[in-house]
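The structure appears right after this line, and notes come after that.
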Amino acid sequence: MITPASTSSKVGSVTSASATYGSAFAEGVAQTDGHTIRYFRAGQGDTLIVVHSAAGLRFSPTLDRLAEEYDVVLFALPGWGDEPDDGRNQTLAELANTVYQATQDLGLKSFHLLGTALGGDVALNLALDHPERVASLVLEAPGTFREGIDPSQGNVTPEEALRKVRVHPERPPVFEPPHPDSQARMFALISRLAEADPDYEQHIAERLPTSPVRTLVVFGDADGFIPPQNGRTFVRLMPNCSGVLLHDAAHDVQGDRGEDLAALVADFLALGSNFRLPPDATLVTP
């Protein structure tokens, strides 16, 4: 059953602060490997699967803009944000399989894929495991590689998190720091994933050179959680990967530069192999 998404009250991790976004999305459920997973869908055209960050599901101007050209499906990951955690997904690969099975429950043969932060790792694992299904892959501030990261970031205050996440917290959707209990739960889940595969970076690095999926990696140049130079690792290792550095954006690129990110992603999806950057380039978009 699909019902319209409410934007006047809390929807997953979406609060009233983002009430102007997501009004076109309708809610549904998919059945997958023992989970019932929620999704929100809007638009027509080629399908774009969206996997949210560790903070949970939210709507944004980026998704609204992309839904004007694509059939956008935003999945709510079990255990993240306000979704219940039954403890089944212990690794990123298992989370990726949950999303993949959900796409199959929806009858999708092929789709584009966009993952944000933790969702980028989920999307990356899905693309590596099922490249025949993924037409193209967009990774927004993925946490796969962590060179230069601050190991104490799990103990940041809401004020410190704000500086790391947004350059422009006043731009809608206005940034709302998570409740301390929610933040502690989020970092506990991230730690669980890290402990499940302590050599995750090495394992992924070994797989990337074999990926045939056309990929775009986007970082904000002021990202305070994942140093943006980590995006270059994808470009170096993946045979068909472009990297873009967006100026005046932090970790939450959708929040700081939502319309610009949407235009960039739409160009990447539409242009196909004509969207190419030199492998050693760093493009800063003004």
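Things worth noting here:
- Of residues in the stretch 211-255 being of a type in the set (Ser, Thr, Tyr) and in contact with a Pro (Cβ under 9 Å, 6 or more places away or on another chain), the one nearest to LEU162 (Cα to Cα): SER242
Rundown of residues vs (1) of a type in the set (A, V, I, L, M, F, W, C); (2) more than 17 Å from VAL265 (Cβ to Cβ), yes/no style:
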residue	(1), (2)
ALA67	yes, no
LEU74	yes, no
LEU77	yes, yes
GLU83	no, yes
GLN90	no, yes
ALA96	yes, yes
ALA102	yes, yes
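- Taking the stretch 56-83 as the range and being in contact (Cβ under 8 Å) with a residue 60 or more places away in the chain, touching a Ser or Thr at 6+ places or on another chain (Cβ under 6 Å) and of a type in the set (A, V, I, L, M, F, W, C) as the test, only PHE59 passes.
- Top-ranked residue of the stretch 197-210 - restricted to ones that are of a type in the set (D, E, K, R) and in contact (Cβ under 8 Å) with a residue 24 or more places away in the chain, ranked as farthest from LYS164 (Cα to Cα): ARG207
- All positions within the stretch 60-82 that are among the charged types (D, E, K, R) and more than 27 Å from ASP46 (Cβ to Cβ): ASP82
- Assessment of the stretch 136-146 against the conditions (touching a strand residue (DSSP E or B) at 6+ places or on another chain (Cβ under 7 Å), free of Cβ contacts under 8 Å to residues at least 40 places away in the same chain and at negative phi) yields no matching residue.
- Subset of the stretch 48-82 that is closer than 23 Å to PHE187 by Cβ and small (Gly, Ala, Ser) - its residue that is most open to solvent (accessible area, probe 1.4 Å): ALA55
- Among residues of the stretch 95-143, those that are open to solvent by 10 Å² or more (accessible area, probe 1.4 Å) and under 17 Å from ARG38 (Cα atoms), counted: 8
- Here the condition is being in contact with a Leu (Cβ under 9 Å, 6 or more places away or on another chain) and either on the phi > 0 side of the Ramachandran plot or part of a helix (DSSP H, G or I) (or both); of VAL50, VAL73, VAL99, it holds for VAL99 alone.
- Evaluating GLU160 against the criteria (1) in contact (Cβ under 8 Å) with a residue 60 or more places away in the chain; (2) surrounded by fewer than 18 Cβ atoms within 10 Å (Cβ to Cβ); (3) part of a helix (DSSP H, G or I) leaves one unmet condition, (1).
- The stretch 144-157, subset open to solvent by less than 40 Å² (accessible area, probe 1.4 Å) and outside any loop (DSSP other than H, G, I, E, B), residue farthest from ALA102 (Cα to Cα): GLN153
- Residue within the stretch 2-9 that is of a type outside the set (A, V, I, L, M), touching a strand residue (DSSP E or B) at 6+ places or on another chain (Cβ under 6 Å) and at pLDDT below 80 present: yes
- Of the set (1) at pLDDT 85 or above; (2) of a type outside the set (A, V, I, L, M, F, W, C); (3) surrounded by 15 or more Cβ atoms within 10 Å (Cβ to Cβ), all apply to PRO177 but (1).
- Scope the stretch 211-262; condition free of Cβ contacts under 8 Å to residues at least 40 places away in the same chain, part of a loop (DSSP other than H, G, I, E, B) and buried (at least 23 other Cβ atoms within 10 Å of the Cβ); matching residues: MET238, ARG257
The values are calculated or read from the model by the stated rules, or taken from the named source; none is laboratory data. What you see is a predicted model, and the numbers here were worked out from it, not measured in a lab. FYI the Cβ positions are ideal-geometry reconstructions off the backbone, even for glycines, and counts take in every protein chain you see. Accessible surface areas use protein heavy atoms only, side chains included; no ligands, DNA or RNA. Shrake-Rupley method; radii C 1.70, N 1.55, O 1.52, S 1.80 Å.
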